[in-house]
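To start, the structure under review is shown below, and the notes come after it.
The values are calculated or read from the model by the stated rules, or taken from the named source; none is laboratory data. Only a predicted model underlies this, so the values are computations on that prediction, with no experimental measurement involved. Heads up, the Cβs are rebuilt from the backbone with ideal geometry, glycines too, and the neighbour counts pull from every protein chain shown. We work out accessible area using only protein heavy atoms, side chains counted, and drop any ligands, DNA or RNA first. Shrake-Rupley method; radii C 1.70, N 1.55, O 1.52, S 1.80 Å.
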Amino acid sequence: TTTKPAPTTTKPAPTTTKPAPTTTKPAPTTVAPTTTPVPTPSFAVIGADGKPCLLLDSSISFPVFDGYLAGSFDNVTVSGECETNSSYISLSTIVNGTNVTLDLTFNESKTEWFGDMLMLTVADVTYSASITFLRAAAGNKYVCDKVKLVNTTADNETIAVSFDGMTLQPFQLNGGNFSLQSTNCAAPSPAKTSKVVPIAVGAALAGLVIIVLFAYLIGRSRSSRRGYQAV
């Protein structure tokens, strides 16, 4: 009798591997703070037609004033007047309890307009200086990044007024606005080198060479004559 063993079947246990969870943290985002530009103060004189007849955009300050007072024209009262060939603007403010007024006067010809006088009044004392360098072609605005006026009075007192980001037009505005045409402030002209000194030095050296040459020839001639006499 032959007995066959029963077949044995073993199924492998299923293997299940779960992937490990992956966690990615987002990189921190740094946002740079934004800087809002400070607008340039704008001052206007209103004409008889209700529109500006004189415009001045500028940050105005007097950083040095005889060691006594320093400040800027921030909260100001504006007044002025525009006539055919002349105009002026007056800015009044209070600094450390002291009344300060800045007056600018202008004139106009057929071809150009130009500044006349700047007057800074502190309390009851007025200091003045010429501003004829502020000029532009007729109908143009004057544009300059920085204008600094320093003047010493007869009493050795110093007045200093600074205009930053200046745009100025005291005549012929375009419908109450600045003209599109502009005159920019001139850059300082480069110093000119004088040619007189090099020429003078060259001439002196040439003269010295000629003198030395003549002295050498005369000395050589005398030496030759003495040699002939000895023979």
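Looking at T121, T126, can you tell me which residue is polar (S, T, N, Q) and under 16 Å from S72 (Cα atoms)? Give the steps one after another, and end with the answer.
On the way: T126 fails: under 16 Å from S72 (Cα atoms).
After ruling out the rest, the residue left standing is T121.
Of all the residues that make up the stretch 113-140, how many are open to solvent by less than 30 Å² (accessible area, probe 1.4 Å), within 18 Å of L56 (Cα to Cα) and either at pLDDT below 85 or part of a strand (DSSP E or B) (or both)?
Summing the residues that are open to solvent by less than 30 Å² (accessible area, probe 1.4 Å), within 18 Å of L56 (Cα to Cα) and either at pLDDT below 85 or part of a strand (DSSP E or B) (or both) in the stretch 113-140 gives 5.
For V143, state whether it is β-branched (V, I, T), under 21 Å from G80 (Cβ atoms), buried (at least 16 other Cβ atoms within 10 Å of the Cβ) and modelled with pLDDT of 85 or more.
Working: β-branched (V, I, T): yes; under 21 Å from G80 (Cβ atoms): yes; buried (at least 16 other Cβ atoms within 10 Å of the Cβ): yes; modelled with pLDDT of 85 or more: yes.
Judged against the criteria, V143 is a match.
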